[in-house]
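Beneath this line is the structure, given in structure tokens, with notes to follow.
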Amino acid sequence: SFSSRILKNEKVETILDHQKEEGGEDPLFFVQEEDGYIVVSFKDVNDNISYWDISVKIINESKEEQAFTNPENSIRNILLCTKATDAVTAVQSILHMIHPTKKIKIIIMTNGSMGVVLNIHKLLKEHGLQDQVDIILASTTNGVHRGDEHDYDFRTMNQKMNNRSFNVHHAGLGQTFIEDTNEISTTLSTIWNKAGLGTHLISSEEMIVLNWKKLAANCAINPLTALRKCQNGDLLKAPSSIVGASYSNDLKQRHSQRLHYNEPMIFYKLVREVSDVALAESQKYSLHDRSLFQEQFKYESLVSFVEGVVRDTSKNKSSMLQDILQNRYPTEIDYLNG
């Protein structure tokens, strides 16, 4: 069976019931700090707040005792939702825990997934695992960011957790897509739909199109919101409404001149550049696929998609903006804009 847990609100109780019916177990969450529990507070799109705790286990591949000596307890399915810059390191850290003989599924949901896939393929080949691992791509346009502490009543949390807390705000409803390759895809789609994530099974060709569309969205939204320090929806507002406090005051003047992030049309120029690159890449596919890709990769199609994402996640803070605000580096800029 495939076990999964998604943010625990009213909808997730249905998911947990589904897991029990299918004989599933709670998944193991891996962190880079210490074993124990983390309190998570979750605010949904209607501003309803709930709290729960999850069990976590430290990642440390140097400790032999952490290896799964019993094959029945080994990892068979990995849902990879890290930053693009952390993806390869995360997979490498648990290679010693995967099942020694059975096929492993890695479901990748990172930004810049096309570059991430190439790097993970290289890692698996270095360890002789390229034939043992199936990679499945998934993507979502749901907007989520870390919540502000003043939005949550931490007195309701369990004090024994020693204030290890994580705040999540589901800021915008979107759609979720998963590559339809095997039974795992179907199971995940069922579970995520029960959580109200609007999940769709799509072909590998459709996933290629979606990844380029999402790349266009990320290339336009992430760097501009990070530079302007604004929410996604501000990108489609008149420039005068976001000039001033929304922009960073600590950027060096030479960076400002070079990037021209205040130029009103730069949002659309970024989408245009992705369109040009995608159309050039489409030439390597068969004539049938090339025709599909060229229609989807043309500028008009991409900009329509990107504007839709901005509207659907208008109140969201992009992941790159969150990194900048929290002083977390490196950002994913190299996996997106290069």
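The values are calculated or read from the model by the stated rules, or taken from the named source; none is laboratory data. The model shown is predicted, which means the values in this text are computed figures rather than measured ones. Positions of Cβ are backbone-derived with ideal geometry, glycine not excepted, and every protein chain shown enters the neighbour counts. Surface areas here come from the heavy atoms of the whole protein model, side chains and all, with no ligands, DNA or RNA. Shrake-Rupley method; radii C 1.70, N 1.55, O 1.52, S 1.80 Å.
Odds and ends about this structure:
- Heavy-atom accessible area ranking, 1.4 Å probe, most first, across 328, 311: 311, 328
- Label-to-label distance, residue 284 versus residue 125, with points set 7 angstrom from Cα along the beta-carbon direction: 1.2 nm.
- For residue 200, distant residues with modelled amide H under 5 Å away: 176, 177, 178
- Ordering 236, 336, 118 by accessible surface, largest first, gives 118, 236, 336; the 1.4 Å probe counts only protein heavy atoms, with every chain in place.
- Placing R0 at 41 angstrom, the Cβ-Cβ distance between residue 263 and residue 46 gives a FRET efficiency of 0.65 after rounding to 0.05.
- If you sort 219, 81 by accessible surface, 1.4 Å probe, largest first, the order is 81, 219.
- Carbon/sulfur fraction of accessible area - segment 286-338, other protein chains in place, 1.4 Å, %: 49
- Backbone amide hydrogens, once placed in the peptide plane, bring residue 171 within less than 5 Å of 143, 144, 145, excluding anything fewer than 5 places away on its chain.
- Only protein heavy atoms count here; under a 1.4 Å probe, residue 329 has an accessible surface of about 140 Å².
- Pairs from the table (213/284; 105/317; 102/284; 43/122; 105/229; 83/269) lying more than 28 angstrom apart at Cα are 105/317; 102/284; 43/122; 105/229.
- Rounded to the nearest 10 square angstrom, residue 205 shows an accessible area of 70 square angstrom against a 1.4 Å probe.
- Among 188-201, 127-140, the order from most to least packed when residues are scored by Cβ within 10 Å on average: 188-201, 127-140
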